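Asker: Take a look at the following structure, please.
The values are calculated or read from the model by the stated rules, or taken from the named source; none is laboratory data. Keep in mind it's a predicted model, so treat the numbers as computed, not measured. Heads up, the Cβs are rebuilt from the backbone with ideal geometry, glycines too, and the neighbour counts pull from every protein chain shown.
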Amino acid sequence: MAGLVRKSFDSAEEIRQFEAGKGKLELVNLDAGAVGRSTFEPGWQWSKHIKPIAGTDSCQAFHTAYFISGRMKVVLDDGEETEYGPGDFGIIPPGHDAWVVGDEPSVVVDWTGFGDYAKR
């Protein structure tokens with residue numbers, strides 16, 4: 001059994017920039033996998049700013065996410081949709097588009113979907 005672990009997004013082990021300067025992903029690595037904090041700037045949309053990196057028609061990551069600030073709309077490939085905001089916890093399956101709603105950055109912590117997210 002390992003002892004205590006302390007990591008900080010403020011000294012992330014990896015930082016990935018999104019297209020057009022519309023945000024970034026900060027990663028810390030744990031034995032159980034990567035945990036990421038993403039800042040999505042106003043105007044960010046997956047299909048515009050991550051799709052060119054991912055090379056898929058929609059986001060294929062499974063997200064287990066906590067929304068710290070800002071608002072984000074998520075629409076599944078089948079048309080189901082919801083909007084997340086501060087304090088929301090979300091389970092988002094593969095096959096979706098998403099975008100920032102409003103003029104405030106959306107900051108999200110994800111325990112499952114950011115390991116390969118926006119990886120060039």
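Asker: Taking segment 29-41 on its own, how many of its residues are more than 10 Å from the chain's Cα centre (by Cα) and farther than 23 Å from Leu4 by Cβ?
Answerer: Count: 1.
Asker: With over 14 Å from the mean Cα position of the chain (by Cα), of a type in the set (Asp, Glu) and within 17 Å of Thr112 (Cα to Cα) as the only criterion, which of Glu13, Glu26 stands out?
Answerer: Glu13
Asker: Which numbered condition trips up Thr64, out of (1) within 19 Å of Glu19 (Cα to Cα); (2) polar (S, T, N, Q); (3) in contact (Cβ under 8 Å) with a residue 40 or more places away in the chain?
Answerer: Every listed condition holds for Thr64 apart from (1).
Asker: Of these, Thr56, Thr39, Thr64, Thr82, which one is among the polar types (S, T, N, Q), at pLDDT 95 or above and part of a loop (DSSP other than H, G, I, E, B)?
Answerer: Values: Thr39 fails: part of a loop (DSSP other than H, G, I, E, B); Thr64 fails: part of a loop (DSSP other than H, G, I, E, B); Thr82 fails: part of a loop (DSSP other than H, G, I, E, B).
Just a single option satisfies the conditions, and that option is Thr56.
Asker: Filter segment 12-36 down to the residues that are part of a loop (DSSP other than H, G, I, E, B), farther than 15 Å from Asp110 by Cα and touching a Phe, Trp or Tyr at 6+ places or on another chain (Cβ under 9 Å) and list them by number. Walk me through how you get there before you give the answer.
Answerer: Initially, segment 12-36 is screened for residues part of a loop (DSSP other than H, G, I, E, B), giving 12-13, 18, 22, 31-32.
Applying the additional criterion that residues be farther than 15 Å from Asp110 by Cα yields 13, 18, 22, 31.
Within segment 12-36, Phe18, Lys22 meet the criteria.
For (1) under 15 Å from Ser47 (Cα atoms); (2) in contact (Cβ under 8 Å) with a residue 40 or more places away in the chain; (3) not in a strand (DSSP E or B), each residue gets a yes or a no:
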residue	(1), (2), (3)
Lys73	yes, no, no
Asp78	no, no, yes
Ile91	no, no, no
Pro94	yes, no, yes
Asp97	yes, yes, no
Val100	yes, yes, no
Glu104	no, yes, yes
Val107	no, yes, no
Gly115	no, yes, yes
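Asker: Check Pro52, Pro86, Pro94 and return the single one that is closer than 17 Å to Gly113 by Cα and exposed (fewer than 15 other Cβ atoms within 10 Å of the Cβ).
Answerer: Working: Pro52 fails: closer than 17 Å to Gly113 by Cα; Pro86 fails: closer than 17 Å to Gly113 by Cα.
Only one candidate qualifies: Pro94.
Asker: Still on this structure, please answer the following. Which ones in segment 42-53 are within 12 Å of the chain's Cα centre (by Cα) and either at pLDDT below 95 or assigned to a loop (DSSP other than H, G, I, E, B) (or both)?
Answerer: Passing the criteria: Trp44, Ile50.
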